[in-house]
Amino acid sequence: MQRKSLGLVALIAIPGLFFGLIFTMLLLLAPAKPAAADCGPAVSVVIDGNTKVEGYTEEQLKNAAAIMGAGKALDLSVKGQMISVMVSLGESGLRVLDHGDGPGPDSRGLFQQRDNGAWGSYADRMDPTRSATNFINALQAVAGWELLEPTIAGNRVQRNADPYHYQKYWPEAVKLVQALSNSKFSLQGSDCAVPGQSGAGDDYPWKNSPTWLQAGANASSTSPLGMYYRECVDFALWRVNQQMGSTKAPFKFLNGSFRPDGQGLGSALTWKAGWDAKGWDSGSTPRVGAVVWYAPGAGGADPSFGHVAVVKEVKGNGTYVEEGYNGNPAPADHSYYTRTVTNTVPSAFLYLPTQEEKK
């Protein structure tokens, strides 16, 4: 439970108000232990059995569909999906490559993303959905990308030497997206988290319920997740359940049963310890859907309880967009907010288990 609103952190932009915070100390995070994810079968792409595209294997069609699925999750237009497929065709032939080339020996995956910190971990770059999500986030951050030639838009993200490198792949990308449209593929989930599938905007189910300040710290102000309504922790735990496929009661992850040692997940103060106790991974790189953890006082968070939020979008300039509840001063507390934050401000990012982390 967070009882005091989070102070405003770096790069916040609210119409008419601009806030900043100067940090004089960097918190060095110890490497997190690998997650002991209890995932079920891998999240997979299933193609309609009647869908065939001449010249492409089932693997390539599934990868194109994964790119389109990531685009749909981020409200990307059909043209944007075509650009994304075009770039992957030009980089890897729609194959998840575990090698690079001369100019980029550390490049990996569908988009041949470099190991420079901008594209996540090795597992991120080798995962079709995650790598596509990161590419699309970068594409959407390009000013006026919709008005650019497709090959130029792709080049603004990839920054390869020839801005017209992708031009010859555009007709094929159009053909593939058209062939796979109209629900001719589906993403079949498991108990693993699906990055980017965390909902859109303020879809918190209990946004009109009374807070503990209004109703007292009792059952009437406690959500089905075991946290107080409209607190940062309740919203974050809702997002965790949502991404893990649990969107209605009985919910899979509850305050009282989250940790295997019998302790409650508790206030934001103890969330990192709860993640460690569960064997889930954490780190210093933002990922869409990850929980943002602020230790007490970090980034202007409450000095006693800290704060948690959720990564909504990762930008390509060292910042991410954060969403959460109870992160603004009264009278806007206990309500939904978003803001742009520098990657180095939080104390840690708490990741949800994915199939790659189980391997």
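The values are calculated or read from the model by the stated rules, or taken from the named source; none is laboratory data. Worth saying up front: this structure is predicted, and the values here are computed from it rather than measured. Backbone-built Cβ (ideal geometry, glycine too); neighbour counts: all protein chains shown.
Listed values, structure above:
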quantity	calculated
Which listed residue, of G117, G93, is out of contact with any helix residue (DSSP H, G or I) (no Cβ under 8 Å at 6 or more places or on another chain), not assigned by TED's automatic domain parsing to the domain that holds F349 and not basic (K, R)	G117
Yes/no for W280 being under 15 Å from E231 (Cα atoms) and surrounded by 15 or more Cβ atoms within 10 Å (Cβ to Cβ)	no
Residue identified as assigned to a helix (DSSP H, G or I) and more than 15 Å from V174 (Cβ to Cβ) among K72, K52, K79	K72
Spans of helices (runs of 4 or more DSSP H) in region 142-243 with at least 3 residues under 30 Å from K62 (Cα atoms) and modelled with pLDDT under 95	150-158, 170-180, 232-243
Some residue of region 321-342 being of a type in the set (S, T, N, Q), assigned to a loop (DSSP other than H, G, I, E, B) and on the phi > 0 side of the Ramachandran plot	yes
Members of region 115-134 that are part of a loop (DSSP other than H, G, I, E, B) and either polar (S, T, N, Q) or farther than 18 Å from T319 by Cα (or both)	N116, S121, D127
Positions within region 233-275 being touching a residue at least 24 places away in the same chain (Cβ under 8 Å), closer than 23 Å to G306 by Cα, among the aliphatic types (A, V, I, L, M) and out of contact with any Cys (no Cβ under 8 Å at 6 or more places or on another chain), in sequence order	V233, A236, L237, V240, L254, L265, L269
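For (1) touching a Lys or Arg at 6+ places or on another chain (Cβ under 6 Å); (2) small (G, A, S); (3) modelled with pLDDT of 90 or more; (4) surrounded by 13 or more Cβ atoms within 10 Å (Cβ to Cβ), each residue gets a yes or a no:
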position	(1), (2), (3), (4)
K4	no, no, no, yes
L8	no, no, no, yes
Y56	no, no, yes, yes
A64	no, yes, yes, yes
